Every structure is written in structure tokens, then in C-alpha cells.
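The values are calculated or read from the model by the stated rules, or taken from the named source; none is laboratory data. The model shown is predicted, which means the values in this text are computed figures rather than measured ones. Backbone-built Cβ (ideal geometry, glycine too); neighbour counts: all protein chains shown.
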Amino acid sequence: MKPLILACLALIVLVSPVLAAEQTITFKSGDETATGFLVTPEGKGPFPAVIVIHEWWGLDGWVKDQARALAREGYVALAPDLYRGKVTDKQEEAHQLMMGTPRDRALRDLKAAFGTLASRSDVRKDRIGMIGWCMGGMYALADWPRSWPTTARRPPTPPPSRRSRPPSSATTARRTRAPPPSR
């Protein structure tokens, strides 16, 4: 019995850092509570950060994978859920979700996500950027302070897991305020 308990404790110790690196968080967005998927890189920090804005499908596994990939590169990544928990893989439903999301609420959520990142001790406040795909790219370019330099580019061919989805205007937006972590 004792070896089994020790094995379980060892497993908990090994898994704990992994669990601490990603979590669903809540933050205030006006009078509402918004949620987001937060992934932090290994190490002490402070780190640059990226707001990861989902496509019209919602905060799905692919977007979470992009946040995880950014964390592996040394960024704190926060993907706010602009649809309040709704996700789909059907084009008609995605269109309805996008059209039914109030633009002012989505922008408020994104600004609240920025504030959440800026308030964290593991984030470099002068190195917070954003990235988005499709609808998320539109929001990444919308109504942010003009003092933030912006570049936009068309992304390369999507990864194989995304090629089966209907084509979209996949504009990727990136704020230039977040250079690679090595700078």
C-alpha cells in the first residue's frame, strides 16, 4: 500500500507544473465576467505576452493549441472566449455566433484581457501583443490605440488539420510591440 501512495504522490509532483502552466481564468469585462484560456511558459519571467483571438468557430482546441505553442516560445498567452463558452465546427452556426456577438462587448473583452495580462507580475507590460485568425484578425486590428504600430499579413497555407474547413478570409494580425522573447 505504501509504494502505491508514494507512486501517486510522485505522479502528482510530476504533473503539477504542467497543470499550473495552463488554466481557464475569469476576469472583469465591464459589468460582466469574461473567461479565457491562459498558458504560461516555463521559467521565472517576466515574459512578453500575446492575446490570442479565436476565429468564428469559437475558442476551440486548435486555438488553444496555438496559445500553447506561443507559451513554448516564451510568451504568456491569453485566449479570451468571446462567445461565452460556445464552440462549433459547422459553418452556419459559426456565422450565427459571429453575427450574434456584440462588437462592443468583444472589444471590451479584449481590452479587459489586455488589462488582465498587464496586471500580472510574470508579464512585461511593454511587450503585450495580439494575434488573431479570420474574425480574430479583424478584432486584432479594430479600435485599438493608434500609437500601437500594426502589421497584417496573409498567413501561410493552414496546417493540415485546418484544410478541411471551409475557406475564410484568414487574415492574421500581429501587433509589433511584442518582439521575440530574446530581445
- Within the stretch 25-54, track down each residue that is of a type in the set (Gly, Ala, Ser) and either closer than 12 Å to Val123 by Cα or out of contact with any helix residue (DSSP H, G or I) (no Cβ under 7 Å at 6 or more places or on another chain) (or both). Gly43, Gly45, Ala49
- Message: Restricting to the stretch 43-65, name every residue that is part of a helix (DSSP H, G or I) and surrounded by fewer than 20 Cβ atoms within 10 Å (Cβ to Cβ).
- Response: Gly61, Trp62, Lys64, Asp65
- Of (1) charged (D, E, K, R); (2) modelled with pLDDT of 95 or more; (3) surrounded by 10 or more Cβ atoms within 10 Å (Cβ to Cβ), Arg103 satisfies every one except (2)
- Message: Restricting to the stretch 28-41, name every residue that is surrounded by 12 or more Cβ atoms within 10 Å (Cβ to Cβ) and in a loop (DSSP other than H, G, I, E, B).
- Response: Gly30, Thr40, Pro41
- Query: Which residue out of Leu82, Leu70 is in a loop (DSSP other than H, G, I, E, B), in contact with a strand residue (DSSP E or B) (Cβ under 8 Å, 6 or more places away or on another chain), under 16 Å from Gly136 (Cβ atoms) and not aromatic (Phe, Trp, Tyr)?
  - Reply: Leu82
- Query: Which one of these is more than 18 Å from Arg105 (Cα to Cα) and in contact (Cβ under 8 Å) with a residue 60 or more places away in the chain: Glu92, Glu55, Glu73?
  - Reply: Glu73
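Answer with yes or no whether Asp60 is farther than 18 Å from Phe27 by Cα, acidic (Asp, Glu) and within 14 Å of the chain's Cα centre (by Cα). Break it down stepwise before answering.
On the way: farther than 18 Å from Phe27 by Cα: yes; acidic (Asp, Glu): yes; within 14 Å of the chain's Cα centre (by Cα): yes.
Yes, satisfied.
Out of all the residues in the stretch 86-93, is one or more modelled with pLDDT of 95 or more and closer than 18 Å to Ile128 by Cα? Give the derivation first.
From the stretch 86-93, those modelled with pLDDT of 95 or more are 86-93; that's our starting set.
From the residues that got through so far, the ones that are closer than 18 Å to Ile128 by Cα too are none.
Scanning the stretch 86-93 turns up no residue that is modelled with pLDDT of 95 or more and closer than 18 Å to Ile128 by Cα.
Ala140 - would you say it is at pLDDT below 90, touching a strand residue (DSSP E or B) at 6+ places or on another chain (Cβ under 6 Å) and not in a loop (DSSP other than H, G, I, E, B)?
Values: at pLDDT below 90: yes; touching a strand residue (DSSP E or B) at 6+ places or on another chain (Cβ under 6 Å): yes; not in a loop (DSSP other than H, G, I, E, B): yes.
Yes, satisfied.
Which one of Leu70, Leu82 is crowded, with 20+ Cβ neighbours inside 10 Å, on the phi < 0 side of the Ramachandran plot and touching a His at 6+ places or on another chain (Cβ under 8 Å)? Full working, then the answer.
Numbers: Leu70 fails: touching a His at 6+ places or on another chain (Cβ under 8 Å).
After ruling out the rest, the residue left standing is Leu82.
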